[in-house]
Amino acid sequence: MGLLTGYLKSLKPLDVEEPIDVWVHRPLAYLLAWAVYPLPVSPNFITCCSIALGTLGGVWMLLRPTTELWIAGLLVFSSAVFDCADGQLARMRKSSSPFGRMLDGIADLVVSIAVVVGSSWIIWHKLTPPLWHGLIALVLVAATAVTSSFHTTAFEHYKNVFVRLTHPTYKDGEDRETALSRYHADLARYSAVERIIWQLYLYFSARQFAFLAAFDPYSDLSYSKYPARSEATAEIYRRHAARLMRLWRTWFGFGSLVFGLALFIGLGVPEYYLLFRLIALNLLFYGYMRPAQRAASERAFSELRQLKVEAA
């Protein structure tokens, strides 16, 4: 298999892939996955490397908040490449697993915390004294971090819904009911580390599903109850949600978040990117995406329920 063919096969469906991943992160990640493919290196090990690189980037910012920030930016960027490589390697080996996807989610959380803390320290050094400038900046950074987590949570949900209803074979993510059933079924076999990862995953997934229920009450959060994918379900959901999915994957995914942070940290001005996310992206998120997605979900799921009734 040629490099290009192999690369395309390592991707998720292009309908839900972030452009920044397709054009920047994943080509580099594929080369990494291709290099380690014949070696006894697991996708979970690649995920742990992503955590380590992102955390090192945050530590660098804490130790050197005013000099050589390009190194911190490079570490954060490398973390994003490894974050893509774990899934690509798993797909190349056909070894994707629910635990691997769960660990990947925990990795995103840990890296996000490290990078936000490091960025806050850079901004604090720039704006203090006076003290009140720094305190206002920290409040704004916290608001940006919280709303950015909403952005990525919403994108992940609508990505999962989109592929389940439109793609013939690919499935991603799971609902909370399925996760809880899987956790209790295998609880006796988990190691102490696995139990800690599970508890973190379940805690944050509960917060995410509570947010999604309020953000879009028309989108069914129980993926297992969706109708089986067919040409009819694909046509219905694409008709209502394809245009919105292009916006979700372009602006609100984790890949675009980390790339922007890595770039602006490397330039020594993370505050500019955080302000862009706080103001411009939240205007798009709350002013357009939420009402438009609610309307699309209401229409799409109404038609899907009617389709199910007619089929019965």
Handout entry: Number of the exception - PRO27 against (1) surrounded by fewer than 21 Cβ atoms within 10 Å (Cβ to Cβ); (2) touching a residue at least 40 places away in the same chain (Cβ under 8 Å)
Key = (2)
Handout entry: Boolean, SER120 is closer than 18 Å to TYR272 by Cα, assigned to a helix (DSSP H, G or I) and among the hydroxyl-bearing types (Ser, Thr, Tyr)
Key = yes
Handout entry: Some residue of the stretch 213-225 being crowded, with 16+ Cβ neighbours inside 10 Å, modelled with pLDDT of 95 or more and not in a helix (DSSP H, G or I)
Key = yes
Problem - In the stretch 162-189, the residues that are hydrophobic (A, V, I, L, M, F, W, C) and touching a residue at least 24 places away in the same chain (Cβ under 8 Å) - result: PHE162, VAL163, LEU165, ALA179
Exercise for the section: Inspect all residues belonging to the stretch 129-139 and state whether any of them is closer than 30 Å to GLY287 by Cβ, within 19 Å of the chain's Cα centre (by Cα) and in contact (Cβ under 8 Å) with a residue 24 or more places away in the chain. Expected result: no
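Residue by residue, here is whether (1) touching a Phe, Trp or Tyr at 6+ places or on another chain (Cβ under 7 Å); (2) without any contact (Cβ under 8 Å) to a residue 24 or more places away in the chain; (3) not aliphatic (A, V, I, L, M) holds:
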{"position": "THR250", "(1), (2), (3)": "no, no, yes"}
{"position": "PHE254", "(1), (2), (3)": "no, no, yes"}
{"position": "LEU263", "(1), (2), (3)": "no, no, no"}
{"position": "GLY266", "(1), (2), (3)": "yes, no, yes"}
{"position": "LEU275", "(1), (2), (3)": "no, no, no"}
{"position": "ALA280", "(1), (2), (3)": "no, yes, no"}
Fill in the blank from the handout: When the stretch 235-282 is checked residue by residue, the ones that are among the hydroxyl-bearing types (Ser, Thr, Tyr), surrounded by 20 or more Cβ atoms within 10 Å (Cβ to Cβ) and within 23 Å of TRP124 (Cα to Cα) are TYR273
Problem - Flag if SER256 is more than 27 Å from GLY134 (Cα to Cα) and polar (S, T, N, Q) - result: no
Problem - Residue list for the stretch 11-33, restricted to those being part of a loop (DSSP other than H, G, I, E, B) and not basic (Lys, Arg) - result: LEU11, PRO13, LEU14, ASP15, VAL16, GLU17, GLU18
Practice task
Specify which of the listed residues (PHE264, PHE252) is touching a Pro at 6+ places or on another chain (Cβ under 7 Å) and either among the basic types (Lys, Arg) or modelled with pLDDT of 95 or more (or both).
Solution key: PHE264
Exercise for the section: Test VAL193 against the stated conditions and say whether it is over 21 Å from the mean Cα position of the chain (by Cα), assigned to a helix (DSSP H, G or I) and within 23 Å of GLY54 (Cα to Cα). Expected result: yes
Fill in the blank from the handout: Given (1) modelled with pLDDT under 90; (2) loosely packed, with under 14 Cβ neighbours inside 10 Å, ARG229 misses just (2)
Practice task
Determine whether the stretch 53-65 contains at least one residue that is out of contact with any strand residue (DSSP E or B) (no Cβ under 6 Å at 6 or more places or on another chain), closer than 27 Å to PRO270 by Cα and assigned to a loop (DSSP other than H, G, I, E, B).
Solution key: yes
Completion exercise
Among (1) within 14 Å of PHE301 (Cβ to Cβ); (2) part of a helix (DSSP H, G or I), GLY260 falls short only on (1)
Completion exercise
Apart from one, (1) without any contact (Cβ under 8 Å) to a residue 40 or more places away in the chain; (2) surrounded by 18 or more Cβ atoms within 10 Å (Cβ to Cβ) all hold for ALA192; the odd one out is (2)
Completion exercise
Restricting the stretch 77-103 to residues that are of a type in the set (Ser, Thr, Tyr) and outside any helix (DSSP H, G or I), the one modelled with the highest pLDDT turns out to be SER95
Exercise for the section: Sort out which residues of the stretch 73-95 are surrounded by fewer than 18 Cβ atoms within 10 Å (Cβ to Cβ) and without any contact (Cβ under 8 Å) to a residue 60 or more places away in the chain, and write them in order of number. Expected result: ARG93, LYS94, SER95
Fill in the blank from the handout: SER120: passes all of (1) surrounded by fewer than 15 Cβ atoms within 10 Å (Cβ to Cβ); (2) among the small types (Gly, Ala, Ser); (3) free of Cβ contacts under 8 Å to residues at least 24 places away in the same chain but (1)
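The values are calculated or read from the model by the stated rules, or taken from the named source; none is laboratory data. Predicted model only: the values in this text are computed from it and were never measured. Cβ: placed from backbone, ideal geometry, glycine included. Neighbour counts: every protein chain shown.
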